[in-house]
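Undergrad: Supplied in structure tokens, the structure appears directly below.
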Amino acid sequence: MNIGTRSFQFHTPAVIIDQHTIAGPLEKQGNLTAEIDQFIPDLYDDEKTYELCYTKLIRQTVNILMSRHPLTTYLFTGDLINQSTPTHYGLMETLLVPVTFDHACATFGLSLQSAAFMLQQGQKQTVMVGTMSHFAAVEKQFRFPNEYGQQKPPSSQTTVTGGGFCILATEGEGPKITYATLGRVINAGFKDPYNMGEAMAPACFDTLLCHFQDCQVTPADYDYIITGDLGAVGQAILFDLLVHEGYQVNREQLIDAGCEIFKDHQPVMSGGSGAGCLSLFLLSHGIKHLFKQSLKVLVIATGALHSPVALLQTPIIPTIAHLVVIES
Amino acid sequence: MNNKLFHTVAEKHNPPRPLLKNCVMSFIFGGVICAFGQCISLFYLYFFDFSEETVGDPTVATLILITMLLTGFGVYDKIAQIAGAGTMVPVTGFGNAVIASAIEHKSEGYVLGVGGNIFKLAGSVILFGVFASFVIALIKLILT
Amino acid sequence: MLVSILVSFIVGGLICVCGQLIIDVFKQTPAFMLSLFVVIGSILDGLGLYEPFIDFAGAGATVPIMSFGNALVHGALEEAEQSGIIGVIIGMFQLTSAGITSAIVFGMIGALLFKPKS
Amino acid sequence: MRFLYLCLATLVILTSCAPSEDTTFDTSLKQQYPELDTVESIITDDVIYVAMIVTPLKQFVEQQIAEDIKNDLQKKYPAHEVYTSSDMKAVIEVRRVEQPLSTDALDKLKSYDQSLEKEDE
């Protein structure tokens, strides 16, 4: 049911009933080692190229979930490489229908929303949702060759290798998606591709405000506000913006998936990012730890919608953020 | 939406680049590369038939050979993260830009991948170097 | 001997610091900084200042990318003295070939030998 | 660490080439031109070849210095052919040259004389 301008309440909440997460070597040394299901030993994992490894990550995860839930027909996903090629190549041998989005790191949020909308129809079916990212493949696509010696500023973020896929159903045990707020494209005039946090924080703020107004709630109604990949910089900006707007927010209430995945001493600068960042965190630590308790959590996936070519032609980074409320 | 507010808040939280540390590191690494280059130069001066004027060429070639090894084993970008301009400004940075593009685009094949992308990063240096030199040489010829 | 190594250390280091300042203080991209250095090198040689600089600093002057611009102008002018204005085009790469050729050759060898590592 | 060893090894090799004793000609030249750091010379019946390394701060104008010395010496010894070079390679080569000076060796040494190159152009 539509409430307010861009928010929806789901009467038949979608339940996350199963999930599988996979991650790379750098994430293995991070905070979530115990909660991630599977690791790959290096960024190739016996494949010839980074892109093929990306495809393999997706294929493996999807196949594992398909073997457990063979009746699933739709997959809501998307990745960062041109036209979501890794996803589509990875799905060649399955019967899944891919519904792919191009919202960069916000893809997981939009996928969860779209899946929840589909289940809203009340069908007794399951759908798959998830995103994956691969550090080296994305780096090659968006920045410079991996071996190129270039100094990244402290505000830059590191793309996460890995991600997670989950199965949503109308019935079953698990955390439920109860509300969703869709984002708009925001251009706040930031143009530094090495500081995604500052560019994405306004979009996150915009979607949050819209949700608070539409649903007549405040941050105090939620236990946590989990952001996708704002990084340390973006998270601090978001906190200041919320306080400036007059909302009572607790600093501990804000959790950033990108910051949580890695340990402080790891060489990731401002934190993790990428399409798989939020899905990896939410489906490992979130499901196995946070949602064991009874919680009401805001999950916001933020994404930057630029491409290297577009950034050179028009130096603007438009951003978007999609929000879901998960209750357990 | 209030863009001005976003920019003031973002400015406050933008982590400053460690300027002093970067400068010291680029001084040390850049200096060491140049000093190492001088050692190679002296080596060529003593044991091969090069004079001080021509010794620059084999020195540059040797440095680029070393760069190839460091780039290929994936060490160069790790050093560059610390050294900054210290590894970019010496000719090793030029070599690294060429070699990194070549290695990275190997997966797209040798003709269109390596061949088409090898000057992806170093191209601007060659373009502006050649064009500026052309203009300057012309000016100098006309003036003298 | 030791003095020449020390001089090239200091001169090379200072040039690199200039590059770092261009990146960090003036917020320019590395590609811009490198192109700027090459252009500065060719201007210095146009003014006849780069050769004394090489005499002074040795590898401190030949190893930074500025020497690329210097070698381009130098080759162009040397050839121009012999074959007139067309020499600018003929002789441009005459002295620079070491850097470019070795970069291309080792780039190809690197592509044959190595796999990208992150 | 390996890099350090490499540097040290290079240094040891380089410094082991001990300079020969200065002749009286060299010493007098050094006294006359204080900017000279090292002087190596070959004097035969009709040729004077002076190879020099100037002090670090004077290296900006080392080619000019070499040319000045050449002109001065030419005036002083008009019967000799005088060559000078500020190239470090010339110093190394002069130390290696065996007496008596062969024409080949002299031609090679002449190629280091920067002022000759300028006359060609």
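The values are calculated or read from the model by the stated rules, or taken from the named source; none is laboratory data. Model, not experiment: these values are computed from the prediction. We place every Cβ from the backbone using ideal geometry, glycine too, and count neighbours over all the protein chains shown.
Undergrad: The conditions are (1) closer than 22 Å to D:Q63 by Cα; (2) of a type in the set (F, W, Y); (3) crowded, with 22+ Cβ neighbours inside 10 Å, and C:F106 fails exactly one of them. Which is it?
TA: Failed condition: (1).
Undergrad: What's the total number of residues in the range C:68-95 that are crowded, with 24+ Cβ neighbours inside 10 Å and either more than 7 Å from every other protein chain (Cβ to nearest Cβ) or of a type in the set (D, E, K, R) (or both)?
TA: 2
Undergrad: Here's something else I'd like to know. Condition first: within 11 Å of chain B (Cβ to nearest Cβ) and among the aliphatic types (A, V, I, L, M). Now tell me which residues in the range A:201-225 satisfy that.
TA: A:A201, A:A203, A:L209
Undergrad: Continuing with this model, one more query. When you go through B:F50, B:F29, B:F131, B:F94 one by one, which is the residue that is buried (at least 23 other Cβ atoms within 10 Å of the Cβ) and either more than 7 Å from every other protein chain (Cβ to nearest Cβ) or more than 24 Å from C:L113 (Cα to Cα) (or both)?
TA: Every option except B:F29 fails the conditions.
Undergrad: Can you find even one residue in the range C:15-24 that is more than 7 Å from chain B (Cβ to nearest Cβ), charged (D, E, K, R) and either under 26 Å from B:L42 (Cα atoms) or without any contact (Cβ under 8 Å) to a residue 60 or more places away in the chain (or both)?
TA: For the range C:15-24, residues more than 7 Å from chain B (Cβ to nearest Cβ), charged (D, E, K, R) and either under 26 Å from B:L42 (Cα atoms) or without any contact (Cβ under 8 Å) to a residue 60 or more places away in the chain (or both): absent.
Undergrad: Something else about it: Can you tell me which residues in the range C:88-115 are out of contact with any Gly (no Cβ under 8 Å at 6 or more places or on another chain) and either among the acidic types (D, E) or not in a helix (DSSP H, G or I) (or both)?
TA: Residue satisfying the conditions is C:K115 alone.
Undergrad: Can you name the residue in the range C:34-47 that is more than 7 Å from chain B (Cβ to nearest Cβ) and of a type outside the set (D, E) and, of all such residues, is farthest from C:G99 (Cα to Cα)?
TA: C:L47
Undergrad: Name the one entry in C:A98, C:A103 that is at the interface with chain B (Cβ under 7 Å from one of its Cβ atoms) and modelled with pLDDT of 90 or more.
TA: Going through C:A98, C:A103 in turn, the sole match is C:A103.
Table: residues versus (1) of a type in the set (A, V, I, L, M); (2) touching an Asp or Glu at 6+ places or on another chain (Cβ under 9 Å); (3) farther than 24 Å from A:K140 by Cα.
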position	(1), (2), (3)
A:I36	yes, yes, yes
A:P41	no, no, no
A:I64	yes, yes, yes
A:Q83	no, yes, no
A:A106	yes, no, no
A:L110	yes, no, yes
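Undergrad: Can we say A:L208 is of a type in the set (A, V, I, L, M) and closer than 14 Å to A:T302 by Cα?
TA: Spelling it out, A:L208 is indeed of a type in the set (A, V, I, L, M) and closer than 14 Å to A:T302 by Cα.
Undergrad: In this structure, does B:K120 turn out to be on the phi < 0 side of the Ramachandran plot, out of contact with any strand residue (DSSP E or B) (no Cβ under 8 Å at 6 or more places or on another chain), facing another protein chain (nearest Cβ under 7 Å) and among the basic types (K, R)?
TA: No: the conditions fail for B:K120.
Undergrad: Next question, about the same structure. Against the definition (under 30 Å from C:V3 (Cβ atoms), more than 7 Å from every other protein chain (Cβ to nearest Cβ) and touching a Leu at 6+ places or on another chain (Cβ under 8 Å)), how does B:V55 come out, yes or no?
TA: yes
Undergrad: Now for a separate question. For the subset of the range B:97-117 comprising residues that are among the charged types (D, E, K, R) and at the interface with another protein chain (Cβ under 7 Å from one of its Cβ atoms), which member is nearest to C:M108 (Cα to Cα)?
TA: Going through the qualifying residues, I end up with B:K106.
Undergrad: Now, a different point. Residues of the range C:48-66 being more than 7 Å from every other protein chain (Cβ to nearest Cβ) and under 16 Å from B:L63 (Cα atoms), which ones?
TA: Once the filter is applied, which keeps residues that are more than 7 Å from every other protein chain (Cβ to nearest Cβ) and under 16 Å from B:L63 (Cα atoms), the range C:48-66 yields C:A61, C:M66.
Undergrad: For residues in the range B:62-81 being buried (at least 20 other Cβ atoms within 10 Å of the Cβ) and away from chain A (no Cβ under 13 Å), which is farthest from C:A57 (Cα to Cα)?
TA: B:I64
Undergrad: OK, next. So A:G276 clears everything in (1) modelled with pLDDT under 90; (2) assigned to a helix (DSSP H, G or I) except one condition, right? Which one?
TA: Against the list (1) modelled with pLDDT under 90; (2) assigned to a helix (DSSP H, G or I), A:G276 comes up short only on (1).
Undergrad: Cβ-Cβ below 8 Å, separation at least six or inter-chain, first residue in the range C:84-113 and without any contact (Cβ under 8 Å) to a residue 40 or more places away in the chain, second aromatic (F, W, Y) and part of a helix (DSSP H, G or I): which pairs?
TA: Close Cβ pairs satisfying both conditions: C:V88/B:F134; C:I89/B:F134; C:M92/B:F134; C:T96/C:F68; C:G99/B:F94; C:G99/C:F68; C:A103/B:F94; C:A111/B:Y110.
Undergrad: Let me ask you something else. Go through the range A:147-197 residue by residue and tally those that are in contact (Cβ under 8 Å) with a residue 24 or more places away in the chain and assigned to a loop (DSSP other than H, G, I, E, B).
TA: 27
Undergrad: Has the range A:58-74 got at least one residue that is crowded, with 19+ Cβ neighbours inside 10 Å, out of contact with any Ser or Thr (no Cβ under 7 Å at 6 or more places or on another chain), closer than 12 Å to A:F165 by Cβ and among the β-branched types (V, I, T)?
TA: Yes, the range A:58-74 has at least one match.
Undergrad: A follow-up question, please. I need the full set of residues from the range C:64-118 which are closer than 30 Å to A:D46 by Cβ and more than 19 Å from the chain's Cα centre (by Cα), in order please.
TA: C:M108, C:I109, C:G110, C:A111, C:L112, C:L113, C:F114, C:K115, C:P116, C:K117, C:S118, listed by residue number.
Undergrad: Looking at the range B:12-24, is at least one residue out of contact with any Gly (no Cβ under 7 Å at 6 or more places or on another chain), in a helix (DSSP H, G or I), β-branched (V, I, T) and under 28 Å from C:I109 (Cβ atoms)?
TA: no
Undergrad: Let me ask something additional. Residues that are more than 14 Å from chain B (Cβ to nearest Cβ) and buried (at least 18 other Cβ atoms within 10 Å of the Cβ): which helices (runs of 4 or more DSSP H) entirely in the range D:32-118 hold 2 or more of them?
TA: The helices (runs of 4 or more DSSP H) meeting that bar are D:62-76.
Undergrad: Which ones in the range A:206-241 are without any contact (Cβ under 8 Å) to a residue 60 or more places away in the chain and within 17 Å of B:N2 (Cα to Cα)?
TA: A:L209, A:I237, A:L238, A:F239, A:D240, A:L241
Undergrad: Select from the range A:177-200 the residues that are of a type in the set (D, E, K, R), surrounded by fewer than 24 Cβ atoms within 10 Å (Cβ to Cβ) and facing chain B (nearest Cβ under 10 Å) and write down the one among them that is farthest from A:L112 (Cα to Cα).
TA: Residue satisfying both the conditions and the ranking: A:D192.
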